[in-house]
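Right, one structure below, let's go through it.
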Amino acid sequence: MSVLSDRIRAYRPADFQSLLRLIGQAFGGETAESVQFAVSARNTSTFVAEWGNEVVGVAMAISFGRTAWIGNVVVAPDFGRHGLGSALTEAACDKVRRHADSVLLLALGDAARLYERLGFVPDGLYGTWTATASTPGIVNADQCGDAGLSLLDAATRPDTTEQCLALDRRATGEDRRAYLEIFVPSMIAAYRRGASDDVGAIAGYSARLASGRGAVIADAPEVARRLLCDMLQKAPATRIEFPDANGAGVSLAAELGLRRFKENLRMRLGPPVSGYQPQAIYKALTPAVG
Ligand SMILES: CC(C)(COP(=O)(O)OP(=O)(O)OC[C@H]1O[C@@H](n2cnc3c(N)ncnc32)[C@H](O)[C@@H]1OP(=O)(O)O)[C@@H](O)C(=O)NCCC(=O)NCCS
């Protein structure tokens, strides 16, 4: 336990503006809506660091049962290197470790050293890809292919939603239902068409909120191509984050004219997640929950 643990406490709604400032300055692109969304997601615990009467740091943890994720770890620059980042991460880990076999996170840059000291080990890189000036022209109907797929709104049929959640469990080895429920209204399921044009087996799904959070999970690259094209045609600026271990995904992103501009190191505390299939993940939900 860190000697600074007495500066760490649970988040209170009155801390919201401080949280927004800290997370916004550290990561950019965040809005009051997206931070509120992260704080209020089911099974999420948020901790803050206090110095005097000021909130100067934050960390969040979300529990998926056997796995959990730590994210949004930020300490204000003026208060850095005093151990607050470590104390916040420890508090978040302590909260979720009772149930979780493995705690996961996506580390940015030098932060990996901090996590390593707390026992986290590397578990593969995730690249972040984004559109270039030429992408909107490239992602046209010809690039997408039909791939013999029918795309359906998952929200219209409960069994479709359940099939998307099952597919997600098979790809991640995790039960992310608590978080994915928020995405159901935007979920699109890809089905392989049967011989008589009826709907066959589910092959992938995508989901995307206005904030850009969302996922693409697919059992084959041509399925991912269709889903990613569909997403990029509607929202060309979407950032796509996925494991480098998905070699077909790397080729596909390059073919679609995306550029890899950043990377995060997936790290874990505990054993590898059983059943994790990085080659089925073509877009992670967010850097904070994988
Ligand atoms: C990463 C961060 C939370 C560390 O907070 P902190 O209170 O300085 O952390 P601690 O004092 O417990 O540990 C310091 C260690 O963090 C690591 N570190 C990572 N990024 C760092 C940074 N920008 N500045 C200083 N230390 C950093 C170093 O290993 C450092 O150890 P060292 O001083 O021996 O080199 C803080 O620098 C920050 O908010 N950075 C911007 C947001 C970010 O990248 N968050 C992590 C996302 S995964």
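Please treat every number below as a calculation from the coordinates, not as lab data. In this text, all values refer to a predicted model and were calculated from it rather than measured experimentally. Here the Cβ is made from the backbone with ideal geometry for all residues, glycine too, and neighbour counts use every protein chain on show.
Put the Cα centre of region 1-56 next to the Cα centre of region 82-124 and the gap is 16 Å.
Between region 202-218 and region 242-290, the alpha-carbon centres lie 14 Å apart. Run the reach check for Lys234 against lysines, Cα to Cα strictly under 20 Å, same-chain hits fewer than 8 apart removed. What comes back? Reachable lysines: Lys283.
Only aspartates and glutamates eight or more places from Lys262 in sequence, or on another chain, were considered; those with a Cα closer than 16 Å are Asp110, Glu241, Asp244. Simple point charges give the picture: +1 on the Cβ of Lys and Arg, -1 on the Cβ of Asp and Glu, and for region 128-283 a dipole about the Cα centre of about 540 debye. If you take the alpha carbon atoms of region 121-264 and fit the smallest convex hull around them, that volume is 114 Å³ per residue. Please give every one of the aspartates and glutamates within straight-line cross-link reach of Lys95, meaning a C-alpha to C-alpha distance under 16 Å, and leave out same-chain neighbours fewer than 8 residues apart. Answer for Lys95, where 16 Å is the Cα cut-off: Asp6, listed by chain and number. Convex hull volume per residue, computed on the Cα atoms of the chain, equals 123 Å³.
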